[in-house]
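Some notes on the structure that comes next.
The values are calculated or read from the model by the stated rules, or taken from the named source; none is laboratory data. Note that the structure is predicted; figures quoted are calculated from it, not measured. So basically every Cβ, Gly included, is an ideal-geometry build from the backbone, and we count neighbours across all protein chains shown.
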Amino acid sequence: MAKTAFRPEDTTTDIRNALQQERKIKSDFISGIREGAKVYGRARACLHRLFEDVRQHRPVDLEIAKEVVLAMHESLAKNQNTLLWITNLQFPHEANACHNFNVAVLSMVFARHRGMNRSDTVALGLGGLLHDLGKTHVPPAMLEKPAALTPEERAMVRKHAVEGYEVLSGTGQVTNNVLDIVRYHHERTDGTGYPEGLYGLNLPELARMVSITDAYDSMIGGYYRRPMTPTDALRILKNEAGDEYGLDLVEEFIRCLGTYPVGSLVELNSGSVVMVVASNPEARLKPMVMFVRNEEGRFEKPRMLRDLSQHSDEALAQRWGIRRLVDPVEYGIHMWNLMLEEIQF
């Protein structure tokens with residue numbers, strides 16, 4: 001059989017097609033993120049209103065909160081990586097809204113990973129969104145205090161679980177599952193939590209799940225300390241907090257987020273630095289990534305996306321294999337600013 005002659009234009013066409021495909025992937029990604037940002041905006045407005053209503057002792061209407069959670073549920077069904085990416089955004093002056101939104105998203109993703117029914121998944125979303133409603137009357141300076149709290153301050157902060165429960169219980173608008181999440185999200189399986197010091201199986205499962213997502217987001221968000229990388233936060237949960245949260249559930253949460261959680265910064269074998277923007281359930285070691293710094297150390301702009309699982313060529317697969325996880329500080333990268341730039345891109 002005659003050999004087909006090599007034509008330079010074939011290579012040019014292949015390169016053009018590859019570039020067009022990369023641009024489409026990036027365009028679809030940005031569109032998804034902007035839609036997810038709208039969901040976050042609705043959640044933020046809803047939380048601000050609810051906290052203000054509680055602060056002013058006005059009647060609390062939870063219909064908008066329920067609508068927001070249903071919108072989150074719909075968004076996660078389409079592509080859960082979008083809202084997971086947004087949970088890595090942190091707005092210093094909106095820490096409370098960010099955290100409550102993040103806990104709701106993470107809890108619902110956790111539920112989907114465990115194959116839970118829609119009712120429990122939505123309850124986890126609503127409970128996560130409202131879990132810190134009782135902090136309304138805690139002075140912000142106390143919540144943001146860098147030093148250790150005094151016994152009196154600690155006692156005041158610890159009231160928030162019961163106070164949030166009482167506010168929501170009085171509305172008659174939420175289920176017992178949601179109320180349990182709000183009341184018991186600071187309980188621990190080893191009996192060291194509050195407000196009742198519940199132990200082991202006495203702690204409702206949905207509350208246990210939210211306690212894990214609450215702790216994880218607090219660590220990566222840096223609410224009480226220097227922000228951690230997602231991987232460091234997961235390692236601490238497994239190594240230091242298994243007794244508090246239940247090692248079985250902690251390990252499930254780690255499997256849920258994967259080896260390289262969305263929002264992680266990694267270095268490739270080529271020397272490029274990339275951010276994980278989506279996981280690949282069928283190839284957990286080869287996520288979709290966004291290029292941040294190239295091999296020469298220059299910051300990329302525009303930042304292209306690449307699915308590391310789509311390279312069958314052995315040389316390329318090796319070149320774009322992940323060498324290690326890195327701390328953004330090591331490279332002078334401010335992850336939140338980078339993400340905000342992409343939304344406005």
Single match in 190, 217 (criterion: charged (D, E, K, R) and closer than 20 Å to residue 112 by Cα): 217
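Each row is one residue, and each column tells you yes or no for (1) surrounded by fewer than 23 Cβ atoms within 10 Å (Cβ to Cβ); (2) of a type in the set (A, V, I, L, M, F, W, C); (3) more than 17 Å from residue 218 (Cβ to Cβ); (4) at pLDDT 95 or above.
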site	(1), (2), (3), (4)
69	no, yes, yes, yes
72	no, yes, yes, yes
82	no, no, yes, no
87	no, no, no, no
95	yes, yes, no, no
103	no, yes, no, yes
113	yes, no, yes, yes
139	yes, no, yes, no
Selection status of residue 95, over 24 Å from residue 205 (Cα atoms), assigned to a helix (DSSP H, G or I) and among the aliphatic types (A, V, I, L, M): yes
Hey, could you check the range 171-207 for residues that are under 29 Å from residue 57 (Cβ atoms) and charged (D, E, K, R) and say which is surrounded by the fewest Cβ atoms within 10 Å (Cβ to Cβ)? 196
If we scan the range 310-331, do we find a residue that is aliphatic (A, V, I, L, M), farther than 25 Å from residue 237 by Cβ and either buried (at least 19 other Cβ atoms within 10 Å of the Cβ) or assigned by TED's automatic domain parsing to the domain that holds residue 88 (or both)? no
Which count do you get for residues in the range 175-214 that are touching a residue at least 40 places away in the same chain (Cβ under 8 Å), among the hydrophobic types (A, V, I, L, M, F, W, C) and more than 17 Å from residue 100 (Cα to Cα)? 0
